[in-house]
1. Does Ala215 fit the bill of being modelled with pLDDT of 95 or more, within 16 Å of the chain's Cα centre (by Cα), in a helix (DSSP H, G or I) and within 16 Å of the ligand (Cβ to nearest atom)?
2. Among (1) under 21 Å from Ala207 (Cβ atoms); (2) more than 15 Å from the ligand (Cβ to nearest atom); (3) without any contact (Cβ under 8 Å) to a residue 40 or more places away in the chain, where does Gly90 come up short?
3. Taking Asn223 and the conditions (1) assigned to a loop (DSSP other than H, G, I, E, B); (2) away from the ligand (no atom under 16 Å from the Cβ); (3) more than 21 Å from Thr163 (Cα to Cα); (4) among the polar types (S, T, N, Q), which numbered condition does it fall short on, given that it satisfies the others?
4. Just checking, does region 247-256 include any residue being touching a residue at least 24 places away in the same chain (Cβ under 8 Å) and not in a helix (DSSP H, G or I)?
5. Within the set of pairs 6 or more residues apart or between chains, which connect a residue that is closer than 14 Å to His239 by Cβ and free of Cβ contacts under 8 Å to residues at least 12 places away in the same chain inside region 15-31 to a residue that is charged (D, E, K, R) and part of a helix (DSSP H, G or I) with Cβ atoms less than 6 Å apart?
6. Surrounded by fewer than 18 Cβ atoms within 10 Å (Cβ to Cβ), assigned to a helix (DSSP H, G or I), under 21 Å from the mean Cα position of the chain (by Cα) and at pLDDT 95 or above: does that describe Val59?
7. Given (1) surrounded by fewer than 18 Cβ atoms within 10 Å (Cβ to Cβ); (2) within 12 Å of the ligand (Cβ to nearest atom), identify the lone condition not met by Phe104.
8. For the condition surrounded by 20 or more Cβ atoms within 10 Å (Cβ to Cβ), of a type outside the set (S, T, N, Q), more than 16 Å from the ligand (Cβ to nearest atom) and in contact (Cβ under 8 Å) with a residue 24 or more places away in the chain, what is the one hit in Leu191, Leu197?
Amino acid sequence: MSDHPSTYKPGTAIERWLDSRLPIIRFGADLMSFPTPRNLNYWYTFGGILAFCLVVQIVTGIVLAMHYDTSGAGAFISVNRGIMRDVNYGWLIRGLHANGASMFFLAVYLHILRGLYYGSYKAPREVLWLLGCVIYFLMVVTAFMGYVLPWGQMSFWAAKVITNVLGAIPVVGDTITTLLWGGYAVDSPTLNRFFSLHYLLPFVIAAVVALHIWALHVPGNANPTGVEVKSKSDTLPFHPFYTVKDLFAISVFMIMFAVFVFYLPEAMGKVDNSVAANPLQTPAHIVPEWYLLPFYAILRAVPDKLLGVVALAGALGVLFALPWLDTSKVRSMRYRPTYRTFFFFWVVACAALGWCGGQEPDGQIIHGFEGPVLIDYDINSVTWLSRISALYYFAYFLVITPVLGLTETPLPVPDSLYTPVLSHPAGAPAGAAAAPETKG
Ligand code: HEM
């Protein structure tokens, strides 16, 4: 919180000397003593888990880059033979990086769902939310470019489909495509560009994460009740209470991560990507990674290429607009039962879109060089399910959220954030004893 007074006292002469020149220890100490709402549940540990994922991706990515060949002729071999077989523990570093991307997205989706459910995006945390949306957008772009780097069949054709789609943007579309391609087709220069940007963007993400956390520390954390912190007794110092909770959650997360890396390393990969890129042979079924499938379904649900791009951009755009679309005075869905029901249907619609994105379109695939126009759709049940789900996705943000915010009668909201903790059977004894003691 901006009004959180510093409690740091430099202990030694060196600390005093440094503190008056670069108060970096004070900064760290203030982060640790930051007053944090006492009722944060495990959904609030995903921020820490995400920071852990970002570090894993950057560290493993830097090591992979040491052994990666950025040329179209050498990329596939350098990954599949060099890194996977010749480099000591290369299989482990690659397994951590490739599965780490999926873990990162799993964590970010849970982090976003938490934000949506508890209304964390509402005033005064709009900038925090907007920065989160920027991070998410950068993550999508980074992951897409990373997927291209092994230069297998799926890498090549995913790059082809998506760059072709960008070509539909009026006026600048062709220029963007040519710039990304580094020529007039997806080829070695494209791979070089993607590698360069894939290396750069995680550091941009890290910088935006720093802003995200700064923006968090100005109003302070929200909490599951949505009731703002009113007095010191509503909070606990971040350390040791939440450092321990975050570390525990990160440890559990690491176990799941390890199961994938050691027992299911290819579970999220595509068999086609074990075959080197071949511009003359279109794979039967071009699909992105699981975390981009809902967007892919939205793109394919729209029969027109340009409108597809508009829908895709809109699907992200509505997230940015959310703080201003939600008209309700009540923050948390705990006290908004009707909105909560619509929210659960929205989650189901996203899952349905994800499923649709992974299905083969029931149509013909014409072999040639033209990206998505290769696929000649029949209108089938998958297409209809994606259309209905996509419509609900947009209606939820553009109609249900603003209208329900004005019309729904919420349940009574507690006066203080620890009232529900005290009335909870498990929380009563400890909470009842702790609350009055810490009142300040
Ligand atoms: C690399 C990705 C990210 C990192 C490292 C990160 C980190 C964090 C951390 C450490 C917190 C505080 C702890 C917590 O509430 O979990 C936080 C809170 C928050 N984040 Fe993120 N975040 C990331 C991505 C996102 C994205 C994509 C969004 C939304 C689109 C988002 C929205 C929020 C919001 C609204 C809060 C405040 C929650 C509250 O106080 O109720 N974050 N983030």
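The values are calculated or read from the model by the stated rules, or taken from the named source; none is laboratory data. Note that the coordinates shown come from a computational prediction; the quantities given were computed from them, not determined experimentally. Backbone-built Cβ (ideal geometry, glycine too); neighbour counts: all protein chains shown.
1. Answer is no for this residue.
2. (1)
3. (2)
4. No, every residue in region 247-256 fails to be touching a residue at least 24 places away in the same chain (Cβ under 8 Å) and not in a helix (DSSP H, G or I).
5. Matching pairs, first to second residue: none at all.
6. For Val59, the condition - surrounded by fewer than 18 Cβ atoms within 10 Å (Cβ to Cβ), assigned to a helix (DSSP H, G or I), under 21 Å from the mean Cα position of the chain (by Cα) and at pLDDT 95 or above - is met.
7. Here Phe104 meets the rest and fails (1).
8. From the options Leu191, Leu197, the qualifying one is Leu191.
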